[in-house]
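The values are calculated or read from the model by the stated rules, or taken from the named source; none is laboratory data. Values in this document were obtained by computation on a predicted structure and should not be read as measured data. Here Cβ is always computed from backbone atoms with ideal geometry, including for glycine, and neighbour counts include all displayed protein chains. With ligands, DNA and RNA removed, areas are computed over all heavy atoms of the protein, side chains included. Shrake-Rupley method; radii C 1.70, N 1.55, O 1.52, S 1.80 Å.
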Amino acid sequence: AATYRLTSPQSADAGSRFRVRATTGAGSVLSREAVLSVTPNLAPTATITAPDASLRYAGAMTIAFAGTAVDPEDGPLAPAAFTWRVDFHHDTHAHPFVPATAGIAAGSFVVPVVGETSANVWYRLILTVADSRGRTHTTVRDVHP
């Protein structure tokens, strides 16, 4: 084959040396040596940039959300790497409010004007990002009334 792929190299494999021998009816050739470099797949880092942590909500308010993400190997991540979800928390349990929505770096939702009247409520914005090799990072931002 034109390439050789190690499916799960470990850090201890770094420095391993490889050569390829190609053989045809006319003879054979030995390649130059290749040294294996193993780059760990570090997790990306998600950051919620909006809303501000000090924001307080009221009924009928539009809450805008936005985030950024960077991966040590991939660099800044595109919106395709983002998944947002918003849960409405009430006392000791939560209700889904905005379902998991992938592929956006920003969005918004409107707080209802009717509903739960308890003082112990809040919205939790959840941002999960995934790098090109599947590693993820999740961060949250709570918004209180």
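Values as computed for the structure displayed
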item	result
The range 21-145 - percent of accessible surface contributed by carbon and sulfur, probe 1.4 Å	57 percent
Percentage relative contact order, the range 44-88, counting C-alpha pairs under 8 Å, at least six apart	38 percent
Pair Ser28, Ala94: separation of 7 Å Cα→Cβ label points (nm)	6.0 nm
Square roots of five times the Cα gyration tensor eigenvalues for the chain, Å	51, 13, 12
Debye, to nearest 20: dipole size of the chain, +1 on Lys, Arg Cβ, -1 on Asp, Glu Cβ	680 debye
Most mobile listed residue (Val114, Val38, Val20) in the chain, GNM with C-alpha springs under 10 Å	Val20
Cβ-based net charge around His89, under 9 Å, with every Lys or Arg adding one and every Asp or Glu removing one	-2
Ranking by accessible area, most exposed first, for Asp74, Asp131 with a 1.4 Å probe	Asp74, Asp131
For the range 3-87, convex hull volume per residue from C-alpha positions, Å³	169 Å³
Residue among Pro79, Val113, Ala26 farthest towards the positive dipole end of the chain, charges placed on Cβ	Ala26
Glu73 accessible area, assembled protein chains, probe 1.4 Å, Å²	70 Å²
Accessible area per residue in Å² at 1.4 Å probe, computed on the range 1-63	77 Å²
C-alpha center-to-center spacing [the range 30-63, the range 72-126] in angstrom	17 Å
Among Gly134, Gly107, Gly25: highest mean-square fluctuation, GNM of the chain, C-alpha pairs under 10 Å	Gly25
Contact order relative to length of the chain, as percent, for alpha carbon pairs under 8 angstrom and 6 or more apart	24 percent
